[in-house]
Amino acid sequence: MQRRSPHPGQRFAGVPRMWSHAAPETLLAPEPALPAQVLHLWHHTCAIEPERALALAVLSQAVADVQRYQQSGLAHHRALFDAARDWMYEEDQSWPYSFVNLCLLFNLTPESVRDELLNRPATRRAA
């Protein structure tokens, strides 16, 4: 704790020092981040540009719709799944937020994403 100087214009010379022996260096070494932690940081950081955040939201919503509604028998769920699936199979790159462009933006291969989400049974993805 820093003490106040008895004279208003005079600076206090005693600056507290940090203890170098307080924690070993191994305690301060960074640990590897789990995928969920990286995702949390990705979604909750202020450093992401709005365009990139929108691109991630569009891709995430399509993935969520495919995963959630692929096995659903309800008509409105099926419509969401069909729209997401059709968007994922579209090869058009003229629209900035097309599936292919978003995959390329996030360094993903469109074919591998399609294969993982659409061509494999839901039970294999859960494993």
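What FRET efficiency comes out for the pair Ala75/Tyr97, r = Cβ-Cβ distance, R0 = 25 Å, nearest 0.05? Spell out each step's value before the answer.
Numbers: r = 26 Å, r/R0 = 1.05.
Working from the Cβ atoms, E equals 0.40.
Length gained on full extension, Arg114 to Ser60: 18.1 nm, using 0.36 nm per residue less the C-alpha separation. A Förster radius of 25 Å, combined with the Cβ-Cβ distance separating Asp82 from Leu39, puts the computed FRET efficiency at roughly 0.40.
None of the figures in this text is laboratory data; all of them are computed from the coordinates on show. Note that the coordinates shown come from a computational prediction; the quantities given were computed from them, not determined experimentally. FYI the Cβ positions are ideal-geometry reconstructions off the backbone, even for glycines, and counts take in every protein chain you see.
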